[in-house]
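Structure record follows, encoded as structure tokens.
What follows is calculated from the coordinates using simple rules that are stated; it is not laboratory data. Fair warning: this is a prediction, and the values are worked out from it, not measured in the lab. When we count neighbours, we look across all protein chains shown, and the Cβ atoms used for this are built from the backbone with ideal geometry, even at glycine.
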Amino acid sequence: MFTIYYSDVLGQAENCLYPHKAEITDKASLVKAVSRDYVCAEYMNNYRSGDNFLGSDCLAVDCDNDHSENPAKWVTPNDVAAAFPGVTFAVHYSRFNLREKNGKLARPKFHVLFPIDYVADAELYSSMKKLVNSIFPYFDTQALDAARFFFGTKNAKVEIHGGKMNLTDFLDASEPFDENMSDGKYGERVISKGSRNAAMSHFAGRIIKKFGDTDEAYQGFLEEAAKCDPPLPAGELQTIWRSARKYYEKIKKQPGYVSPEEYNGDAKWEEPLPFESEKMPDFPIDALPSVLRDYAAEVGKSTQTPVDMAAVACLTACSACMRNLYKVEGKSDWMEPTNLYSVIIAEPSERKSSVIRFITKPIDDFIDEFNKAHSVDIEMSRARRQRLENKKNSLISQRKNKGEEKCSEDFDDALRSIVDQIVNFKDIKPMRVYVDDVTPEKLTEALAENDSAISIISSEGGIFDVLSGTYSNKVNIDVFLKAYSGENISVDRIMRQSISVRNACLTILLSAQPIVISELMSNKKFRHRGLTARFLYTTPRSLVGSRSLNCEPVSAATASKYKSLIYNILQEQRHGEAEIIHLTNNAKQTLSDFYDWVEKRLAGEFSMYSDWLGKLVGNTLRIAGVLARCSVFKKDIGDAIFECDNDVVIDDEIMNSAIKIGRYFLVHAVSAYGSMGIRSDFKTLLMVLEKLKEKRPTSVTRRDIMRFCHWVSSADEAQNILNSLEDYGYVRMTAVDISDKLRCGRPKNAVYSVNPKIFE
């Protein structure tokens with residue numbers, strides 16, 4: 001939230017050294033810092049004085065309630081919160097809080113610490129304090145300089161009042177708050193007693209900043225003051241206006257200040273900000289083995305979708321088919337499984353489902369053929385197990401009827417023999433490669449029933465709803481965490497058989513809308529426990545609006561090669577431990593160089609994504625394992641006597657291809673972490689912007705937006721669009737008077753000039 005500096009002493013007014021820096025993020029860190037005398041600014045050589053002021057991100061004021069001896073007029077932190085609605089601040093109760101002092105009644109005494117944008121100007125810092133004091137006149141006027149210190153307290157009592165903005169945001173807000181205001185008889189806003197000082201101070205700071213220290217601005221201030229009921233005394237209004245003028249004089253000297261003439265006049269238009277960040281890179285399709293490369297490219301053409309969708313789906317589908325057959329050796333004591341978690345992020349109508357159907361069809365065909373060909377064996381296996389269970393139950397029943405003492409050793413041997421056969425019986429089960437809609441509990445069962453390996457492949461992101469607790473308040477995500485890493489899973493259940501899965505292997509391929517990913521990213525539990533970091537994200541560019549009905553279908557030859565590869569992988573069976581995929585010496589060096597590249601960024605430009613980046617090298621090694629397996633065609637599948645004629649090895653070329661894909665996922669992960677959830681709004685703004693380019697108006701109103709863009713259904717929606725266009729520099733409000741522009745709520749009939757640069 002903010003930074004303060006504390007000393008080595010307590011209760012010593014003569015001290016001027018404050019050498020200890022404290023980052024305040026919660027009550028515990030605040031209590032520790034204010035247990036010694038402290039200041040809320042940084043000073044040269046840690047020596048407190050006005051001349052040594054370096055800067056501050058915390059504006060601190062003092063409230064001693066000396067303004068009245070009437071307890072009914074004393075203020076509390078709740079009154080501060082009412083005067084600064086929506087503002088975050090901390091409270092430290094003073095050493096004389098609720099204690100008699102100098103013969104006066106005990107009363108609330110406390111310090112208020114407001115987070116602010118960093119200020120490096122001592123005069124501006126002091127001016128901000130004075131402006132705050134004009135909003136809430138109960139703060140100590142003797143504690144408004146830039147070199148104020150505060151006494152610490154033993155067993156400090158503190159509070160944190162959370163809000164959506166800091167004090168700087170509040171003072172610079174484009175719209176005033178409207179708590180404690182009401183509609184008058186004819187709809188005019190009325191500023192009620194209790195909020196008049198705060199409202200007028202806030203209004204004065206905004207109007208003088210936007211229109212300058214002019215008669216026009218002062219007249220607007222007086223017009224706003226007329227809304228106070230009862231009216232504020234003229235002396236208080238003059239004090240508020242003088243504080244605003246002093247604050248404005250300091251603001252004018254700050255870098256980035258925009259003069260009223262530039263804000264309101266015909267100043268030169270600047271380039272508007274783009275609605276979308278830098279274009280996401282396309283999937284490096286050349287990094288895939290030829291079979292996957294050709295199939296992904298043709299599926300993209302057939303479905304009229306970006307190749308990213310099919311490429312990522314192909315890669316992950318092959319990973320699903322590999323199950324737990326392989327592990328990749330990064331070094332002698334580091335093994336990575338080959339399962340991947342990936343998600344395709346795209347809006348509705350982007351044909352995500354069509355792409356996934358193309359990718360999974362050979363898998364479905366193989367499963368159907370396998371289960372049909374082995375249907376008799378599957379039923380016989382069930383019958384044999386049932387026969388053994390019946391024999392066991394029959395023997396147990398005989399033993400019970402005869403009595404323990406009449407049962408011979410031969411009987412025990414017979415029972416032991418049957419139990420041994422049951423324990424070692426290998427069931428022949430229907431083949432199952434993936435599931436779609438599943439709960440964590442059912443997923444664990446599926447892993448146990450499928451030799452510890454299963455996949456989730458879905459054209460929707462509904463699994464995230466399940467995980468976030470939409471359908472149950474008790475959701476366990478452990479299976480998703482452990483099955484990614486190949487850990488063992490044990491589930492003990494009351495009244496039901498316990499489940500044990502050794503070296504669980506889960507692969508996930510999902511497609512989801514940006515809003516679903518936004519909710520995933522905002523779930524602190526998912527990120528804290530590392531679930532979001534396990535996924536590979538892709539945000540393909542949209543082709544909606546440029547698609548054609550007449551497109552090339554996937555050729556039979558390309559589809560046949562892809563199907564053959566999928567069948568070749570699925571026909572493999574595991575004999576003992578997983579097969580190890582080794583790296584050549586050159587590949588090991590390439591991996592080492594990539595590791596160093598990632599490590600530097602973990603502590604640098606991508607440190608905020610360290611949870612995801614920390615798994616990038618491991619994920620890249622997994623991708624390399626999938627690429628290596630898809631680069632060979634095993635001819636002796638299922639034959640335990642002969643070795644395959646093609647070893648699965650990661651050479652330097654495959655390692656470099658995997659790194660290309662890993663870097664692609666890095667850029668898309670940054671996008672997923674940073675901007676998901678707002679792309680839908682950008683899409684609407686882009687549609688409106690295209691309509692403005694078509695109509696080429698010099699100015700627009702809310703009504704124009706609704707008339708040009710039939711999908712905008714209300715004035716509120718049109719106003720939100722204009723607000724966003726103004727924020728990004730595409731329009732600016734012009735034809736509106738001062739009182740209308742700064743009134744509570746939205747301006748009436750505001751006209752916005754259109755930036756001519758959008759037509760260039």
Report summary line: Of the listed pairs Lys372/Lys426; Lys164/Lys525; Lys352/Lys660; Lys27/Lys104, those with alpha carbons more than 27 Å apart are Lys27/Lys104
Query - the chain - charge dipole about Cα centre, Lys and Arg +1 at Cβ, Asp and Glu -1, debye rounded to 20 - result: 1420 debye
Query - Relative contact order [Cα under 8 Å, 6+ residues apart], the chain, whole percent - result: 12 percent
Query raised in the report: If we sort 158-171, 121-134, 416-429, 589-602 on the protection proxy, mean other Cβ atoms within 10 Å, highest first, what's the order?
Result: 121-134, 158-171, 589-602, 416-429
Query raised in the report: Projected onto the charge dipole of the chain (+1 at Lys/Arg Cβ, -1 at Asp/Glu Cβ, origin at the Cα centre), which of Ile345, Leu59, Asn97 gives the Cα projection farthest towards the positive end?
Result: Asn97
Query raised in the report: Do you know the relative contact order of segment 2-170, to the nearest whole percent, from alpha carbon pairs under 8 angstrom that are 6+ apart?
Result: 31 percent
Report summary line: Fewest-first ordering of Val87, Val438 by Cβ atoms within 10 Å yields Val438, Val87
Query - Helix-only mean residue ellipticity at 222 nm for the chain, each DSSP H run of n ≥ 4 adding -39500 (n - 2.57), per residue, nearest 500 - result: -14000 deg cm²/dmol
Query raised in the report: By per-residue mean of other Cβ atoms within 10 Å, what is the highest-first order of 580-587, 529-536?
Result: 529-536, 580-587
Query raised in the report: Taking a 23 Å limit on the Cα-Cα distance, which of the listed pairs Lys327/Lys615; Lys563/Lys634; Lys361/Lys482 fall beyond it?
Result: Lys361/Lys482
**Report entry** Mean Cβ neighbour count within 10 Å, used as a protection proxy, ranking 211-222, 659-670 highest first
**Finding:** 659-670, 211-222
Report summary line: Rounded to the nearest 5, the percent of DSSP beta bridges in the chain running antiparallel is 65 percent
Report task. Using 0.36 nm per residue of separation minus the Cα-Cα distance, give me the extension gain between Ser546 and Met380 in nm, one decimal. Result -> 54.3 nm
Query - Sites Ser353 and Lys193 - FRET efficiency at Förster radius 56 Å, r taken between beta-carbons, to 0.05 - result: 0.40
Report summary line: In debye to the nearest 20, the charge dipole size for segment 2-170, taken about the Cα centre with +1 at each Lys and Arg Cβ and -1 at each Asp and Glu Cβ, equals 640 debye
Requested in this report: Have a look at Ser452, Gln421, Val307 and report the one farthest towards the positive end of the charge dipole of the chain, computed about the Cα centre with Cβ charges (Lys/Arg +1, Asp/Glu -1).
Outcome: Gln421
